[in-house]
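Quick notes on the structure that follows.
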Amino acid sequence: MLDLLPDLCDEHGDKVTVLEPLFENFGGEAVFWGQAVTARCLEDNSKVRELLATPGTGKVLVVDGGGLLRRALLGDQLAAMAVENGWEGIIVYGAIRDVGTIGELGLGVKALASCPLKTEKRGLGDVDVTLNLAGARIAPGDYIYADLNGIIVSREPLSHSDL
């Protein structure tokens, strides 16, 4: 089902927050959902690499890059690692790169934009933190649902026949 979010919003509107429509679709999977794993990092994707190296079945990585677009927090190598480790999707409040390759992977990816410049690796950033981005609060363990219509977050899992 390509239009999952409208149905979820109709059925569970009182339980969801819709993120502002700032994100572009870059991944090969248009529809994805899972429990949020959170990271905050500015122009350093060391923590993104650490998280994507772990098992990700049933999980969506939400990365708060501060909305900065000068460096890419995700590229083809990390996206391929995410696929290998079973991640459902990645949402980047910032930039990504290698968008042609990422678009061919079986992974949901949303970001603000693309930028060809990689990040520096300094080991900086925080994981498992509550994020406030795109008009929404996202805590570790919240439920993220995404499709071509946007992104929603819920504190509890939502039921729907297509999930």
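Assorted remarks:
- Look at the alpha carbon pairs under 8 Å that are at least 6 residues apart: their mean separation over the length of the chain gives a relative contact order of 35 percent.
- Taking GluC sites (Glu not before Pro) as exposed when DSSP calls them loop and at most 12 other C-beta atoms lie within 10 angstrom, the chain has its longest site-free stretch at 1-103.
- Only helices enter the 222 nm calculation for the chain: every DSSP H run of n ≥ 4 contributes -39,500 (n - 2.57), and dividing by all residues gives -4500 deg cm²/dmol, rounded to 500.
- For segment 115-131, the Karplus equation 6.51 cos²θ - 1.76 cosθ + 1.60, evaluated at θ = phi - 60°, returns couplings of 8, x, 8, 6, 8, 7, 10, 10, x, 8, x, 10, 10, 6, 10, 6, 10 Hz by residue, with Gly and Pro reported as x.
- Most mobile of G89, G108, G141 in a GNM of the chain (Cα contacts under 10 Å): G141
- Under a 5 Å amide H cut-off, with hydrogens placed 1.01 Å from N, L73 pairs with A95, I96 among residues at least 5 apart or on other chains.
- Scoring 109-115, 64-70 by mean Cβ neighbours within 10 Å over their residues and listing the highest first yields 109-115, 64-70.
- Once backbone amide H atoms are built at 1.01 Å from N, G27 has V109 as its partners under 5 Å, excluding neighbours fewer than 5 places away on the same chain.
- In the chain, lysine pairs closer than 21 Å at Cα, eight or more apart or cross-chain: 7
- Cα centre as origin, Lys/Arg/Asp/Glu Cβ charges: segment 4-154 dipole, Debye: 620
- Per-residue 3J(HN,Hα) values for segment 9-26, derived from phi via the Karplus relation 6.51 cos²θ - 1.76 cosθ + 1.60 with θ = phi - 60°, read 5, 5, 7, 9, x, 7, 10, 10, 10, 8, 6, 4, x, 9, 9, 9, 8, 10 Hz in sequence order (x marks Gly and Pro).
- Stretch gain in nm, segment L42-Q77, where the contour uses 0.36 nm per residue and the Cα spacing is subtracted: 10.7 nm
- Computed from backbone phi with θ = phi - 60° and the Karplus coefficients 6.51, -1.76 and 1.60, the 3J(HN,Hα) list for segment 60-66 is 10, 7, 10, 10, 8, x, x Hz; x is used for glycine and proline.
Each reported figure results from applying straightforward, stated rules to the coordinates on display, with no laboratory input. The shown structure was predicted, so the numbers you read here are calculated from the model rather than taken from an experiment. Cβ atoms come from the backbone with ideal geometry, glycine included; neighbour counts cover every protein chain shown.
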